[in-house]
Amino acid sequence: MQDLQQANLQPEQMLTQLPEFMGKIERLAELLGLDLSACQADHIALRVNSTALATALHQAWLAYGEEWSTNVINGRPIVVIGFHQPVQAGQWQIEALELPYPGDKAYPVQGWEHVEFVVPCQASTTEELKVVLDARFPGLDWDNLKQAGIDVKASSPAGEKERLANPTFAFKKDGVCIKLHPCSLKAVIESEG
């Protein structure tokens, strides 16, 4: 626990950092031309660079919720903890925390990294999801994102047992990331049956 404290990663410390982080998320959404006010902020994710920190965080966050799943995705365990009480983050209530154990990539800043928002639709591929996003967010100017310093990544991450397609677009700038996908993490986990 001392390591978490020193790294400023204790859950209590992270929760006090949440308003500042969500302010960055809201500014990125504005820059992207995304009005996310009607979208569910499905889950929030953090990143750490050591397995020891990830293990300590895993145990510490269990005081705030229950483990919904642990899946190996892209070669590393990803733990999802459903909060006992949704966490208020700006105008959203977030129901879950995603805690990936570290992989090969080192993050310049450890702590909050992204929020995933649900854009409900039947898209099963990134191409279909892009069509939905174009219709839903006409202000999203795909052609000028790179000029604005925003990295865009389309992916279809999946755990071994998942049956529900959940294509994702990630928009990242200055260490903050917004991800958009059609299904909530809870629905994806429930599809594992």
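List the chymotrypsin sites (Phe, Trp or Tyr not before Pro) in the range 18-71 that DSSP assigns to loop (not H, G, I, E or B) and whose Cβ has at most 16 other Cβ atoms within 10 Å. Which are they?
When the chymotrypsin sites (Phe, Trp or Tyr not before Pro) of the range 18-71 are filtered for loop state and at most 16 Cβ neighbours within 10 Å, Tyr64 remain.
Write down the accessible area per residue of the chain in Å², having rolled a 1.4 Å probe over the full set of protein chains.
With all protein chains present, the chain gives 50 Å² per residue.
Provide the percentage of antiparallel DSSP beta bridges, counting only those with both residues in the chain; round to the nearest 5.
80 percent
Once label points are set 7 Å from the Cα along Cα→Cβ at both Gln122 and Ala106, what is their separation, rounded to one decimal in nm?
4.8 nm
List the residue ranges in the chain for DSSP H helices whose C-alpha atoms run 18 angstrom or more along the long axis and whose Kyte-Doolittle average is -1.0 or above.
11-32
Quantify, in whole percent, the carbon and sulfur part of the accessible surface of the chain (1.4 Å probe; protein heavy atoms only).
50 percent
Rounded to the nearest 500 deg cm²/dmol, what is the calculated helix-only ellipticity per residue at 222 nm for the chain, with -39500 (n - 2.57) per DSSP H run of length n ≥ 4?
The helix-only estimate for the chain comes to -8500 deg cm²/dmol at 222 nm.
Using the 2.2 N^0.38 Å rule of thumb for compact globular proteins, work out how the range 75-150 stacks up: its C-alpha Rg over that value, please.
Values: Rg = 16.0 Å, N = 76, 2.2 N^0.38 = 11.4 Å.
Computed over Cα atoms of the range 75-150, the ratio equals 1.40.
In terms of modelled amide H atoms, which long-range or inter-chain residues lie less than 5 Å from the amide H of Asp42?
Amide H to amide H, under 5 Å and 5 or more residues apart or across chains, Asp42 pairs with Glu116, Phe117, Val118.
Less than 19 Å apart at the alpha-carbon level, and either on another chain or at least 8 residues along: which lysines does that give for Lys172?
Those lysines meeting the cut-off are Lys24, Lys105, Lys130, Lys146, Lys153.
The values are calculated or read from the model by the stated rules, or taken from the named source; none is laboratory data. Every value quoted in this text rests on a predicted model; they were computed, and no experiment measured them. As a convention, Cβ positions derive from the backbone with ideal geometry for all residues, glycine included, and neighbour counts pool all protein chains shown. Surface accessibility is based on the protein's heavy atoms, side chains included, excluding ligands, DNA and RNA. Shrake-Rupley method; radii C 1.70, N 1.55, O 1.52, S 1.80 Å.
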